[in-house]
Amino acid sequence: MHTEQKKEITTPKKRNKAIFILPIILGAGLFFGIRSYIHTINFESTDNAQIETNTLPVVSRVSGYVDSIGTSDFGDIKEGQLLLKVDDHEYKLAVMQAEADLSSALADLSSAQFTLVNTTANSNVVKANSDVQKSRLDKAQADLQRDEALFKGEAITKKQIDDSRSNYETTRKQLVANNQQIILANSQSSTSNTLIEKAKAAVALRKVQLEQAQLKLSYTKIYSSINGKIGKRNLEQGQFIQAGQNLMTVVSNDIFWVVANFKETQVANLKVGQRVTIKIDGYSDKEITGKVESLSEATGARFSLLPPDNASGNFVKVTQRIPVKISIDNINDYQAILKAGMSVEVSIHLKDE
């Protein structure tokens, strides 16, 4: 009997308490529901976003042993700073050999040019001799014609006419020999010109080989082209590296931006220039502003190693995400805390507040 009276007393109290709490819960739910609705129509938000910056992979263009390293892990880097040096002894020897080859080619060119000078001079002498022989032949022919007339008139002896004929034939044959020498001299001049062109080509080749050797020598020193920090280093002093090997990564600290991946159902009202509120997970007390800089023309899946193909017959519809690039206002104020890859939450203002 006592227990029944106690139940009758406590039941109305619980009902009164429930009646009091229920409106509070409903009110809170209504408040947050309205707040969520207002936020939805005024903002598009996502936490699938991160800080991005430029990264420079440092790649060796020559093979060799690492002679020295000019930076430490996660060390600060200035533009133009020496990052590492490859042992350059064999590359210096290659330059010396290329210089010697070039000197030899230049000497061959000088020799060919000197030969052409001699050949030209000899050709001029031969031509002059030919002219002299032609004059002698003309005189010998005239003497022969005169002596033949005199011999017919029995004014000279047979020996004299025979001497005139012999002198004419000898002079004629000497002229023929001189003409052959002219042909030979011209041929030698052509050969000399060919040798000169060949020597010039050899000089040009040796110059290119020297430039290549000097270029490879310059590749033994690797400099940074940006300001930043070493993000990852994959080598130690004395290590042998191959041409094309990725040695380290320099992360730029001059510029940062945000890439936010919005669902395709969220991008209908996104436009370039819209204001953005950015919250960094690692610094929840800092609220950064920015603006929409550009929207990707393709979904993130399009850039994957194996992009999905809806024509394969195995298509399952999945909401895709569109990368949106967001610039950061007053970037210099936040460079000390921004790190590439940090997670952030962004809210794009669809309407002016």
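The values are calculated or read from the model by the stated rules, or taken from the named source; none is laboratory data. As the structure is a prediction and not an experimental result, all values here were calculated from the model. So basically every Cβ, Gly included, is an ideal-geometry build from the backbone, and we count neighbours across all protein chains shown.
How many of the residues making up the range 256-295 are surrounded by 14 or more Cβ atoms within 10 Å (Cβ to Cβ), modelled with pLDDT under 90 and either touching a Gly at 6+ places or on another chain (Cβ under 6 Å) or in a helix (DSSP H, G or I) (or both)?
The number of residues fulfilling the criteria is 1.
Conditions (1) under 30 Å from Ala128 (Cα atoms); (2) in the same structural domain as Ile51 (by TED's automatic domain parsing), marked per residue:
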{"position": "Ala177", "(1), (2)": "yes, no"}
{"position": "Leu184", "(1), (2)": "yes, no"}
{"position": "Leu210", "(1), (2)": "no, no"}
{"position": "Asn227", "(1), (2)": "no, no"}
{"position": "Met248", "(1), (2)": "no, yes"}
{"position": "Val251", "(1), (2)": "no, yes"}
{"position": "Asp254", "(1), (2)": "no, yes"}
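If a residue must be modelled with pLDDT of 90 or more and of a type in the set (S, T, N, Q), how many such residues does the range 63-79 contain?
Residues that pass the stated criteria total 2.
Scan the range 70-109 for residues that are part of a helix (DSSP H, G or I) and of a type in the set (S, T, N, Q) and report the count.
Initial filter on the range 70-109 (part of a helix (DSSP H, G or I)): 89-109.
Okay, now just the ones that are also of a type in the set (S, T, N, Q), so 97, 103-104.
The number of residues fulfilling the criteria is 3.
Yes or no, residue by residue, for (1) at pLDDT 90 or above; (2) over 30 Å from Ile226 (Cβ atoms); (3) hydroxyl-bearing (Ser, Thr, Tyr); (4) not assigned by TED's automatic domain parsing to the domain that holds Gln181:
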site	(1), (2), (3), (4)
Gln81	yes, no, no, yes
Ala98	yes, yes, no, no
Asp101	yes, yes, no, no
Ala107	yes, yes, no, no
Thr120	no, yes, yes, no
Leu150	no, yes, no, no
Thr157	no, yes, yes, no
Gln160	no, yes, no, no
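Quick check: anything in the range 61-72 in contact with a Phe, Trp or Tyr (Cβ under 6 Å, 6 or more places away or on another chain), more than 13 Å from Leu235 (Cβ to Cβ), of a type in the set (A, V, I, L, M) and touching a residue at least 12 places away in the same chain (Cβ under 8 Å)?
yes
With more than 30 Å from Arg61 (Cα to Cα) and assigned to a loop (DSSP other than H, G, I, E, B) as the only criterion, which of Ala340, Ala298 stands out?
Numbers: Ala340 fails: more than 30 Å from Arg61 (Cα to Cα).
Only one candidate qualifies: Ala298.
For the range 51-85, which positions are within 18 Å of Phe256 (Cα to Cα) and surrounded by fewer than 16 Cβ atoms within 10 Å (Cβ to Cβ)?
Initial filter on the range 51-85 (within 18 Å of Phe256 (Cα to Cα)): 51-57, 74, 76-79.
Asn54, Thr55, Pro57, Phe74, Asp76, Lys78, Glu79 - these are the residues of the range 51-85 that are within 18 Å of Phe256 (Cα to Cα) and surrounded by fewer than 16 Cβ atoms within 10 Å (Cβ to Cβ).
Any residue that is in a helix (DSSP H, G or I), modelled with pLDDT of 90 or more and among the aliphatic types (A, V, I, L, M) - is there at least one of those in the range 240-255?
Step one: of the range 240-255, the residues in a helix (DSSP H, G or I) are none.
Among the residues of the range 240-255, not one is in a helix (DSSP H, G or I), modelled with pLDDT of 90 or more and among the aliphatic types (A, V, I, L, M), which makes the answer no.
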